[in-house]
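S.K.: Quick one: the structure is below, and I'll ask about it shortly.
The values are calculated or read from the model by the stated rules, or taken from the named source; none is laboratory data. No experiment lies behind these values; they were computed from the predicted model shown. Heads up, the Cβs are rebuilt from the backbone with ideal geometry, glycines too, and the neighbour counts pull from every protein chain shown.
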Amino acid sequence: MISRADLLPPLTLAGPDGPWRVPGPGTLASALVFVHPGRCGPCTGYLAELDSIVDDIRSWGTQLLAVAVDGLDDRHRFAVLLDEGGVARRRLGIGVDAAVILADRWGEVMEATTIGPGHEFPLASQLVESAKIVDLSCGECNVPGPEWRAEV
């Protein structure tokens, strides 16, 4: 699986309004939540929990994106993207597991966690704290400073 310090390869996923390219053009970090295939109930519940942190995570310069291989409800406050044929999963080495990947605005992976059948997802508040650390850290020297604040 892709791991910390790797560069997130360019991924094109199907969005509600057409193709969606991840990572973006360098303005926002990305928190990608890959859910288990098969419209998994616990994964759907986790995405509902993430609805409560959308504003918090965005305030730290991070876009929250859910990725499924077989469609999902788009009733969430964040983009739900479709990984048609599981191409992105294979490129990232996720397999059939769920995963949470946090990449900075330059596409460097800061955190990568696979989620097994026990659904050991990070707490929503942990995701916000990770986004905060990424947003306040200099990508070259990892020293926090307000001059590195992402434009949102």
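S.K.: For region 1-36, give me the residue count where each residue is assigned to a loop (DSSP other than H, G, I, E, B) and β-branched (V, I, T).
M.R.: Count: 3.
S.K.: If you don't mind, there's one more thing I want to ask. Please enumerate the residues belonging to region 105-136 that are within 19 Å of D55 (Cβ to Cβ), of a type in the set (A, V, I, L, M) and at pLDDT 95 or above.
M.R.: L123, A124, L127, V128, A131
S.K.: Among (1) in contact with a strand residue (DSSP E or B) (Cβ under 9 Å, 6 or more places away or on another chain); (2) assigned to a loop (DSSP other than H, G, I, E, B); (3) loosely packed, with under 13 Cβ neighbours inside 10 Å, which single condition is R39 missing?
M.R.: (3)
S.K.: Output the residues belonging to region 81-120 that are part of a helix (DSSP H, G or I) and charged (D, E, K, R).
M.R.: E84, R89, R90, R91
S.K.: With the condition kept exactly as written, say whether any residue in region 5-28 is of a type in the set (S, T, N, Q), within 17 Å of R91 (Cβ to Cβ) and at pLDDT below 95.
M.R.: yes
S.K.: Taking the condition without any contact (Cβ under 8 Å) to a residue 40 or more places away in the chain, at negative phi, out of contact with any strand residue (DSSP E or B) (no Cβ under 6 Å at 6 or more places or on another chain) and of a type in the set (S, T, N, Q), does T44 pass?
M.R.: For T44, the condition - without any contact (Cβ under 8 Å) to a residue 40 or more places away in the chain, at negative phi, out of contact with any strand residue (DSSP E or B) (no Cβ under 6 Å at 6 or more places or on another chain) and of a type in the set (S, T, N, Q) - is met.
S.K.: If you don't mind, another one. Between a residue in region 95-118 that is on the phi > 0 side of the Ramachandran plot and any residue that is surrounded by 17 or more Cβ atoms within 10 Å (Cβ to Cβ) and among the hydrophobic types (A, V, I, L, M, F, W, C), which pairs come within a Cβ distance under 8 Å, given they are 6 or more apart or on different chains?
M.R.: G107/L8
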